[in-house]
Amino acid sequence: MYISSNGNVQVNTSTGSTSLSGTIPSVGSPNGLIAPQWRDLVQSSSGICVATVGTAPNRSWVAQWVGANYFTGSATLNFRGHRAQGSGVI
């Protein structure tokens, strides 16, 4: 998993892509993407928190961006993406 400061998680990779556009799904990069905010963001010092919550077989993997801002704006963003174990629901 590659967790990007630009509001997305790229699955099945450790290097990721810096692309801020594209069509999903795609044979090219990025592909296998969870993108709650696929924008050019500036990350605050609070950063990105990652956790696995719950107990098997009902766990969820969560990535949460705290205090991010759009690169060209001042609005503070707090958002998350999560994936449920077993069902794959995002």
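The numbers here are math on the coordinates, done by the rules we state, and not lab data. Since the structure is predicted, the reported quantities are computational estimates derived from the model, not experimental observations.
Quote the relative contact order of the chain in percent (integer), defining contacts as alpha-carbon pairs under 8 Å separated by 6+ residues.
Working: 183 pairs, mean separation 19.8, N = 90.
Value for the chain: 22 percent.
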Of the listed values [x] 36; [y] 39; [z] 25, grab the one calculated as percent of Cα pairs over 23 Å apart from the structure here. [z]
